[in-house]
1. Among the residues of segment 105-135, count how many are farther than 30 Å from Glu187 by Cα and in contact with a Ser or Thr (Cβ under 7 Å, 6 or more places away or on another chain).
2. Quickly run through segment 318-333 and pick out the residues that are in a helix (DSSP H, G or I) and either touching a residue at least 60 places away in the same chain (Cβ under 8 Å) or closer than 19 Å to Ser358 by Cβ (or both).
3. For segment 163-197, give me the residue count where each residue is buried (at least 24 other Cβ atoms within 10 Å of the Cβ) and among the small types (Gly, Ala, Ser).
4. Only residues that are open to solvent by 30 Å² or more (accessible area, probe 1.4 Å) and either more than 13 Å from the ligand (Cβ to nearest atom) or in contact with a strand residue (DSSP E or B) (Cβ under 8 Å, 6 or more places away or on another chain) (or both): list them for segment 93-118, please.
5. Among the residues of segment 91-122, write down those that are outside any helix (DSSP H, G or I) and more than 21 Å from the chain's Cα centre (by Cα).
6. Output the residue which, of all residues in segment 35-47 that are part of a loop (DSSP other than H, G, I, E, B) and within 12 Å of the ligand (Cβ to nearest atom), is most open to solvent (accessible area, probe 1.4 Å).
7. Hey, among Val212, Val254, which residue is in a helix (DSSP H, G or I), near the ligand (Cβ under 10 Å from one of its atoms) and closer than 29 Å to Gln34 by Cβ?
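The values are calculated or read from the model by the stated rules, or taken from the named source; none is laboratory data. Quantities reported herein were computed from a predicted structural model and do not represent experimental measurements. Cβ: placed from backbone, ideal geometry, glycine included. Neighbour counts: every protein chain shown. Please note that ligands, DNA and RNA were not included when accessible areas were found on the heavy atoms of the full protein model with its side chains. Shrake-Rupley method; radii C 1.70, N 1.55, O 1.52, S 1.80 Å.
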Amino acid sequence: MEGLALTSGFWHGRRVLVTGHTGFKGAWLSLWLQQLGADLAGFSLAPPSSPNLFELAGVAAGMTSVHGDVRDSAALARCIAAHRPEIVIHMAAQALVRASFADPVETFSTNVMGTVTVLDAVRRAPGVRAVVNVTTDKCYQNNEWAWGYRESDRLGGFDPYSNSKACSELATDSFRNSFFPAERHAEHGVAVATARAGNVIGGGDWAADRLVPDIMRAWTGGAEVVIRNPHAVRPWQHVLEPLSGYLSLAERLVVDGPAFAESFNFGPAEDDARPVGAVVETMQRAWGSGAAWRLDDQPQPHEATWLRLDCAKARQRLGWRPRWTLDAGLSATVAWYRGLAAGCTARELTLQQIADFSAQGAAA
Ligand SMILES: NC(=O)c1ccc[n+]([C@@H]2O[C@H](COP(=O)([O-])OP(=O)(O)OC[C@H]3O[C@@H](n4cnc5c(N)ncnc54)[C@H](O)[C@@H]3O)[C@@H](O)[C@H]2O)c1
């Protein structure tokens with residue numbers, strides 16, 4: 001993308017709705033869009049953790065923040081009618097694998113019917129031109145392949161979270177075919193895409209049962225962190241990487257319409273799909289003394305061992321590439337939590353890292 005979505009002025013004054021703006025990725029994206037000058041509204045439930053980046057960084061101050069459930073069609077319609085967004089980025093979800101084992105009904109309900117409700121609201125609202133539905137790398141049927149999944153690979157999902165996101169993909173496809181077909185774009189004016197990104201890391205995540213938040217909680221409290229699956233390989237990337245992909249994709253949907261109304265993977269360079277254990281060791285080196293870990297010997301719910309993404313399509317069609325290596329992303333993450341502990345504000349840390357990221361061209 002070579003800064004396309006960041007420097008062209010495309011986002012300045014653009015009316016955007018983000019669902020899930022109170023979450024980890026939502027708070028980063030909302031601050032970034034504010035920095036780009038977007039006219040931003042958010043619709044979601046309360047922040048999912050305490051503490052959370054949304055409140056710590058004062059994200060609500062630069063946007064219209066609406067509290068509501070994405071399954072509540074009347075509330076969502078009111079929000080869309082009031083804000084009249086041109087672009088919708090749908091991120092609201094029950095986003096945790098472990099929580100999906102504990103409450104599969106809530107997970108499927110939020111992730112599938114939430115998506116359907118958002119797409120139906122778009123169908124009824126004039127003026128929306130682009131929708132990016134954020135799903136996940138876990139939406140593919142995992143065959144434990146050592147190579148990366150492509151957008152054309154079969155959808156699946158073992159656990160309720162992963163499967164609900166595959167269902168969200170299928171529901172999006174149905175809406176695209178039924179209500180937003182390419183051949184009638186002049187009539188309906190809407191282009192809908194899905195974005196499948198890998199495991200994100202970054203400052204300001206306090207979710208339960210996620211690797212980086214678990215590590216940071218333990219080490220900032222002077223404790224040892226317990227690691228579950230050190231050999232599991234995941235496509236790790238800094239949170240700003242997929243967000244830059246979503247922005248790039250949304251821009252193309254507005255400018256070029258149905259030519260981009262498809263699914264896109266956003267993941268790290270091949271070398272940066274690394275085992276959990278390697279990530280922990282890199283963070284250990286960045287943190288310095290007092291960073292200890294041990295293996296969890298308890299039985300664990302099912303998790304895939306290998307998961308990689310093939311991102312050739314995003315590279316070729318969008319010109320999108322990762323900007324930071326995983327090591328750079330991990331250093332930025334440790335620096336963020338260190339900075340907070342040293343008295344910097346979450347807002348300045350986040351805005352500074354967005355500025356650093358934006359200033360850096362895409363890695364080769
Ligand atoms: N964090 C990751 O590693 C990762 C990786 C791939 C994809 N994703 C996807 O990115 C999106 C954001 O993830 P995150 O890590 O920021 O999650 P998060 O749990 O931090 O935030 C989830 C957001 O959704 C909102 N929400 C949940 N249920 C809702 C409902 N019924 N109605 C309205 N809002 C609701 C929450 O209030 C919050 O704003 C999700 O769709 C997730 O599946 C995340």
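1. Residues flagged as farther than 30 Å from Glu187 by Cα and in contact with a Ser or Thr (Cβ under 7 Å, 6 or more places away or on another chain) within segment 105-135 amount to 2.
2. Residues satisfying the conditions are Leu318, Leu326, Ala328, Gly329, Leu330, Ser331, Ala332, Thr333.
3. Of the residues in that region, 5 qualify.
4. Ala93, Phe101, Ala102, Pro104
5. Result: Asp103, single match.
6. Leu45
7. Going through Val212, Val254 in turn, just one is in a helix (DSSP H, G or I), near the ligand (Cβ under 10 Å from one of its atoms) and closer than 29 Å to Gln34 by Cβ: Val212.
So that you can scan it fast, the table gives a plain yes or no per residue for (1) surrounded by 17 or more Cβ atoms within 10 Å (Cβ to Cβ); (2) among the hydroxyl-bearing types (Ser, Thr, Tyr); (3) within 19 Å of the chain's Cα centre (by Cα):
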{"site": "Thr305", "(1), (2), (3)": "no, yes, no"}
{"site": "Cys311", "(1), (2), (3)": "yes, no, yes"}
{"site": "Gln316", "(1), (2), (3)": "no, no, no"}
{"site": "Ser331", "(1), (2), (3)": "yes, yes, no"}
{"site": "Arg338", "(1), (2), (3)": "yes, no, no"}
{"site": "Ala342", "(1), (2), (3)": "no, no, no"}
